[in-house]
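For reference, the structure is listed below as structure tokens.
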Amino acid sequence: MSTRIRLRRVGRKKVPIYRIVVTDRTAPRDGRFLEVIGTYNPRATGEQMTLNADKAREWLAKGATPSDTVESLLKKAGVIAGS
């Protein structure tokens, strides 16, 4: 099974809030997931992201690949090295 770390939308209409989830690569965007490792609120004025860095590193070590957006969020959080 190939896993992916990506965003799952949970906010209401025109107010997006995303959960950072680990899911099977073939699952739909808002479909079944394995674990929630954080949240991301792009409209927040204060802290935009909460993330369990230990779980993120654990899933990356298991071979999960982050989406482009999640990869940039993980770099901001210091989970993976930024280039």
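The values are calculated or read from the model by the stated rules, or taken from the named source; none is laboratory data. Remember, predicted model here, so these are calculated numbers, not experimental data. Glycine gets a Cβ as well: all are built from the backbone with ideal geometry, and neighbour counts include every protein chain shown. Just the protein is used for accessible areas: all its heavy atoms, side chains included, with ligands, DNA and RNA removed. Shrake-Rupley method; radii C 1.70, N 1.55, O 1.52, S 1.80 Å.
Name every residue in segment 40-78 that is of a type in the set (Phe, Trp, Tyr) and in a helix (DSSP H, G or I), in order of residue number.
Hit for segment 40-78 is Trp59, nothing else.
Within the set of pairs 6 or more residues apart or between chains, which connect a residue that is more than 14 Å from Pro66 (Cα to Cα) inside segment 26-43 to a residue that is open to solvent by 40 Å² or more (accessible area, probe 1.4 Å) and part of a loop (DSSP other than H, G, I, E, B) with Cβ atoms less than 6 Å apart?
Qualifying pairs under 6 Å: Asn41/Ile17; Asn41/Gln48.
Name every residue in segment 44-83 that is within 18 Å of Gly11 (Cβ to Cβ) and either surrounded by 17 or more Cβ atoms within 10 Å (Cβ to Cβ) or touching a Pro at 6+ places or on another chain (Cβ under 7 Å) (or both), in order of residue number.
Those that are within 18 Å of Gly11 (Cβ to Cβ) and either surrounded by 17 or more Cβ atoms within 10 Å (Cβ to Cβ) or touching a Pro at 6+ places or on another chain (Cβ under 7 Å) (or both): Gln48, Leu51, Val70, Leu73.
Against the condition touching a Leu at 6+ places or on another chain (Cβ under 8 Å) and either open to solvent by 50 Å² or more (accessible area, probe 1.4 Å) or farther than 16 Å from Ile80 by Cα (or both), how does Val21 come out, does it pass?
Considered against the rule, which asks whether it is touching a Leu at 6+ places or on another chain (Cβ under 8 Å) and either open to solvent by 50 Å² or more (accessible area, probe 1.4 Å) or farther than 16 Å from Ile80 by Cα (or both), Val21 comes out as yes.
Answer with yes or no whether Thr26 is open to solvent by 20 Å² or more (accessible area, probe 1.4 Å), closer than 14 Å to Ala56 by Cα, among the hydroxyl-bearing types (Ser, Thr, Tyr) and out of contact with any helix residue (DSSP H, G or I) (no Cβ under 8 Å at 6 or more places or on another chain).
Here the answer is no, as Thr26 does not meet what is asked.
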